[in-house]
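The values are calculated or read from the model by the stated rules, or taken from the named source; none is laboratory data. Treat the numbers as computed from the prediction; the structure is a model and nothing was measured. Note that each Cβ is placed from the backbone with ideal geometry, even for glycine, and that neighbours are counted across all protein chains shown. Please note that ligands, DNA and RNA were not included when accessible areas were found on the heavy atoms of the full protein model with its side chains. Shrake-Rupley method; radii C 1.70, N 1.55, O 1.52, S 1.80 Å.
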Amino acid sequence: MRGSLWHLGQSITRRVAQADKKAATRRFFASEADLKKTVLYNFHIAHGGKMVPFAGWSMPIQYKDSIMDSTVNCRQNGSLFDVSHMCGLSLKGKDCVPFLEKLVIADVAGLAPGTGTLTVFTNEKGGAIDDSVITKVKDDHIYLVVNAGCRDKDLAHIKEHMKAFKSKGGDVSWHIHDERSLLALQGPLAAPVLQHLTKEDLSKLYFGEFRIMYINGALCFLTRTGYTGEDGFEISVPSENAVDLAKAILEKSEGKVRLTGLGARDSLRLEAGLCLYGNDMEQHITPVEAGLTWAIGKRRRAEGGFLGAEVILKQLEEGPSIRRVGFTSNGPPPRSHSEIQDEKGNNIGEITSGGFSPCLKKNIAMGYVKSGLHKAGTKAKILVRGKAYDGVVTKMPFVPTKYYKPS
């Protein structure tokens, strides 16, 4: 979905407040019948969720609190997100690792069992098909989650390559976890609250690690990861247990962890300097250009062997022609597609995500500029509605990350 969810949330809030409620409901939710619903749909409605179409699903953009308050509360206390629209799948078989390594830039073989990483599915030209968090459960079992908006193309891509791989004798199969739901619990209270609901010692589970464990009586896949820059977890739970788990998390937090929608999720990930596929990463953008060189395993840089490796390894050697950078700016918040100019008015790039940071109380954005103009402190002009405002290239993340790592 292009454009900022934060801005969508703000406009919906304003319009719903201003317009006749019934007319507004008709206008925004006209396609509601065509949209898929997560098992928490009624739970969202009961808690005041404002539902909007997102990647073919009806999802909450916000609840009763504002997107600003919700964002700040995640960093101060905690947030619970329903991210069941995302697609979890397992690859199994003795060749699942070499199979996946043909499609992604990560050193999957080098991952210890029970650990994971962010990676990128690439195409023949080295562009990003999608980004994904992958986990090596065991040497013959990989668990991964792909973006809702990319589900169909990702699954078609994996299926096509799997067919060719198996025809040559490769041992790999898959299972799409449509029987499970996905919750993301984020913020400083995430671990203490979740600890109430499991006998496993969460202090021994570090950022990027994965375990299968009972939580609130249900067998869950637990990954210490997230999309906010805060410590937290993504919990894959059998769908019949999802509502009970959400209720238990909210109860154990004594109201401090709040249900949080896509609007705050967008401002949180932007503050953390994280890409949104479809905005900051697309089919024509390589992982090197996107600033994800760190995700290309050392062995993969030496050996290649993934789609588009030739293009990507050449960029690693020579440097890319464009780079993703962060910006702070004056004036109205930059929007996706805002033009970036140098101080003389020459076009040097484009904003891909932007908004007002609820935590920093200033405009932040990210976008692509020509290499050489990507250094922190470089001054620029950002066009918003045809008018130029001062901007400066700024290091990301804008808000320091608080991932739980061994000290």
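What to note about this one:
- 32 Å Cα-Cα threshold exceeded, pairs from Lys125/Lys168; Lys64/Lys381; Lys50/Lys381; Lys37/Lys64: Lys64/Lys381; Lys50/Lys381
- Estimated inter-spin distance, Leu316 and Arg301, nm [label 7 Å along Cα→Cβ]: 0.6
- Accessible area per residue, Å², segment 270-389 with all protein chains present, probe 1.4 Å: 45
- Reachable lysines, given that their alpha-carbon falls under 19 Å from the alpha-carbon of Lys379 and they are not under 8 places away in the same chain: Lys344, Lys362, Lys370, Lys387, Lys395
- List Leu202, Leu35, ordered by accessible area with a 1.4 Å probe, largest first: Leu35, Leu202
- Shape class for segment 238-360: oblate, because the ratio a/c of the largest to smallest gyration tensor axis (alpha-carbon atoms, square roots of eigenvalues) is 1.5 or more and b/c is at least a/b.
- For the chain, built as a Gaussian network whose Cα springs stay under 10 Å, the top-fluctuating residue of Gly319, Gly169, Gly291: Gly169
- Radius 10 Å from Cβ of Thr117, net charge of other residues (Lys, Arg +1; Asp, Glu -1): 0
- Set of aspartates and glutamates with alpha-carbon distance to Lys94 below 14 Å, sequence-local pairs under 8 removed: Asp139, Asp140, Asp171
- Mean Cβ count within 10 Å, highest first, over the residues of peptides 232-245, 299-312: 232-245, 299-312
- Computed over protein heavy atoms with a 1.4 Å probe, the carbon and sulfur contribution to the accessible area of the chain reaches 52%.
- Sorting 186-194, 260-268, 110-118, 214-222 by average packing, meaning the other beta carbons within 10 Å per residue, from highest down gives 260-268, 186-194, 214-222, 110-118.
- Sorted on the mean count of surrounding Cβ atoms within 10 Å across their residues, most packed first, peptides 339-348, 380-389 read 380-389, 339-348.
- Estimated FRET transfer efficiency when R0 is 30 angstrom, pair His141-Lys64 (beta carbons, to 0.05): 0.15
- Matching label, volume of the Cα convex hull per residue in Å³ computed from the structure shown, candidates (1) 142; (2) 162; (3) 129: (1)
- Summarising the strand pairing of segment 129-260, around 100 percent of its internal DSSP beta bridges are antiparallel.
- Lys, Arg +1 and Asp, Glu -1 on Cβ, resulting dipole of segment 252-407 about Cα centre, debye, nearest 20: 640
- Shape call, segment 353-405: gyration tensor on alpha carbons, a/c limit 1.5: oblate
- Label-point separation, Lys375 to Ala164 (7 Å along Cα→Cβ), nm: 4.3
- Label-point gap, in nm, between Ala112 and Glu200 - each point 7 angstrom along Cα→Cβ: 1.6
- Annotation for segment 212-286 versus segment 147-208: alpha-carbon center distance of 12 Å.
- With a 1.4 Å probe rolled over the protein heavy atoms of all chains, the accessible area of Glu179, Glu318, Glu230, Glu282 falls in the order Glu318, Glu179, Glu282, Glu230, largest first.
- Counted charge near Val137, where neighbours are those whose Cβ lies closer than 10 Å (Asp, Glu -1; Lys, Arg +1): +2
- Whole-Hz couplings from phi, Karplus 6.51/-1.76/1.60, listed for segment 102-112; x for Gly and Pro: 6, 10, 10, 8, 6, 7, 5, 4, x, 6, 6
- Loop-located trypsin sites (Lys or Arg not before Pro) in segment 162-264 whose Cβ has at most 10 other Cβ within 10 Å (DSSP): Lys168, Lys199
- Rounded to the nearest 0.05, the FRET efficiency derived from the C-beta distance between Asn42 and Asn123 at R0 = 45 Å is 0.70.
- Residue-wise HN-Hα coupling along segment 384-390, computed from phi with Karplus coefficients 6.51, -1.76, 1.60 (Hz; x: Gly, Pro): 10, 6, x, 10, 8, 10, 5
- Whether segment 321-398 is rounded, prolate or oblate, judged on the alpha carbon gyration tensor where a/c under 1.5 counts as rounded: oblate
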